[in-house]
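Here the structure is laid out as structure tokens; the discussion comes afterwards.
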Amino acid sequence: MTPGIELDQATVTYQRNTVLDGFSLTVDAGELVAVLGPSGSGKTTALRAVAGFVPLASGTVRLSGRDVTGMPPHRRDLGLVVQSYALFPHMSVAENVAFGPKSRGVRKVDIAERVRESLAMVGMASFADRAPRQLSGGQQQRVAIARALAVKPKVLLLDEPLSALDAALRSEMTAEIDRLHRALPAVSILYVTHDQTEALTLADRIAVLAAGKLVDVGTAQDLYLRPPSAFTASFLGAANVLPVQVLGAERTNVLRIQLGEHILTAAGPADHRPGAAQLAIRPHRLRIETDHSDGTNRLPGRISAVQWRGSSFRTTVALDGGGEVVVESPATGSAPTAGERAVLVFDPTDGVVVPAELVAS
Ligand code: ADP
Ligand code: MG
């Protein structure tokens, strides 16, 4: 089946500044792809390029196989949801949702049906006659989604749709969008966010963006469990990243590496070249031990700070060989104590060797 969205080497420049740099991505029918990156990395620009609000300096956009590069937004057959809801304040909920189909010349009886259907999909059927100002933020965002669905688009674009909502509502709406995604098997969804939890929860695939460039793209699980780069390891899961030297293969998919004076083992392809690389370890995959005996994958240091976070402790450890590492541990036993010596231990499969080069962000 033809992908709903195909960006091919899309480049966008503002006043000679390249903010999207040869970005290529496809979103299949029924697929939700999250574009994840820090603020200013070009996520909104990528979405606006798909929508047609910003011209490409080079590259192409195809929607359902049709080249739409240079075509105005209203001819592109897509639904758009932005962070600020952008509902028309002087129109009722129903009028807001009817706006798209109406301006596309859909027959009156069909419009009423579409409004009912779209509002029902987001659980807002009983709010049709309300004014937007009579709704909470979460309800307004549901209406904005219904408005986007009412044109029956093949392509749905969402730009940080939940970032204006409080944490509890955000997680409720994340589940809601997940349900919608499954209910729309013919629609290609591009979901822009800087929130790794939203991306991991919702996305079939994640495209990681930094400084206008695609860093990595893959399934949420692959990128999380086997991050291909230091940038993805730290942005998607807040991994600690330490400089290491690869010495050689220890066994299948486990490498022997050197960190300072310590010889360690960590996950990585057996054919990895010896030489400079980095070791990524997630905070909750490190254990703090007070037993200082020898063993494998043990890094001695001193606890420099401890934060209690309700369900966990977040402990910062200054390694003897230099560098700081953050450890997240369940707040069950007694709290680690700042100033005390500690040994950090990790399983070889919980450390991942990633390439040395850092992506500028
Ligand atoms: P994100 O959505 O990831 O936060 P944006 O796509 O909004 O990032 O912006 C990417 C970069 O492009 C930023 O450096 C931003 O300042 C710049 N930018 C965005 N829109 C414009 C514009 N209309 N004119 C000039 N620069 C812009
Ligand atoms: Mg943005």
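The values are calculated or read from the model by the stated rules, or taken from the named source; none is laboratory data. The model shown is predicted, which means the values in this text are computed figures rather than measured ones. Ideal geometry is used to build each Cβ from the backbone, glycine not excepted, and the neighbour counts take in all protein chains shown. Just so you know, the surface numbers come from the protein's heavy atoms only, side chains and all, with ligands and any DNA or RNA stripped out. Shrake-Rupley method; radii C 1.70, N 1.55, O 1.52, S 1.80 Å.
Checking Q141 against (1) polar (S, T, N, Q); (2) surrounded by fewer than 23 Cβ atoms within 10 Å (Cβ to Cβ); (3) out of contact with any His (no Cβ under 9 Å at 6 or more places or on another chain), which test does it fail?
(2) is the only condition that Q141 fails.
Considering only residues that are under 15 Å from L190 (Cα atoms) and either of a type in the set (S, T, Y) or touching a Gly at 6+ places or on another chain (Cβ under 6 Å) (or both), look in segment 38-64 and name the one that is farthest from ligand 2 (Cβ to nearest atom). If you could, list the steps in order and put the result at the bottom.
We begin by selecting, within segment 38-64, every residue under 15 Å from L190 (Cα atoms); these are 42-52, 61-64.
Narrowing the set further to residues that are either of a type in the set (S, T, Y) or touching a Gly at 6+ places or on another chain (Cβ under 6 Å) (or both) leaves 42-45, 64.
Values: G42: 8, K43: 5, T44: 3, T45: 8, S64: 25 Å.
Filtering segment 38-64 for residues that are under 15 Å from L190 (Cα atoms) and either of a type in the set (S, T, Y) or touching a Gly at 6+ places or on another chain (Cβ under 6 Å) (or both), the one farthest from ligand 2 (Cβ to nearest atom) comes out as S64.
Which of (1) assigned by TED's automatic domain parsing to the domain that holds G65; (2) farther than 17 Å from D28 by Cβ does L242 not meet, given it meets every other one?
(1)
Across segment 144-166, what is the total count of residues that are in contact with a Lys or Arg (Cβ under 9 Å, 6 or more places away or on another chain) and closer than 17 Å to D129 by Cβ?
Total meeting the criteria: 1.
Return yes or no: is P73 modelled with pLDDT under 95, more than 16 Å from ligand 1 (Cβ to nearest atom), of a type outside the set (D, E) and open to solvent by less than 60 Å² (accessible area, probe 1.4 Å)? Show your work before the answer.
Details: modelled with pLDDT under 95: yes; more than 16 Å from ligand 1 (Cβ to nearest atom): no; of a type outside the set (D, E): yes; open to solvent by less than 60 Å² (accessible area, probe 1.4 Å): yes.
Taking the combined requirement at face value, the residue does not satisfy it.
Report those strands (runs of 3 or more DSSP E) wholly inside segment 176-290 carrying at least 1 residues which are in contact with a Lys or Arg (Cβ under 9 Å, 6 or more places away or on another chain) and free of Cβ contacts under 8 Å to residues at least 24 places away in the same chain. Reasoning before the result, please.
On the way: elements: 188-193, 205-210, 213-219, 240-251, 254-259, 262-267, 275-281, 287-289.
Answer list for segment 176-290: 213-219, 240-251, 262-267.
Looking at V81 and the list (1) β-branched (V, I, T); (2) surrounded by fewer than 20 Cβ atoms within 10 Å (Cβ to Cβ); (3) closer than 30 Å to Q196 by Cβ, which single condition is not satisfied?
Failed condition: (2).
Quick one: is D129 crowded, with 19+ Cβ neighbours inside 10 Å and assigned by TED's automatic domain parsing to the domain that holds H90? Quick ask: steps written out before the conclusion?
On the way: crowded, with 19+ Cβ neighbours inside 10 Å: no; assigned by TED's automatic domain parsing to the domain that holds H90: yes.
Taking the combined requirement at face value, the residue does not satisfy it.
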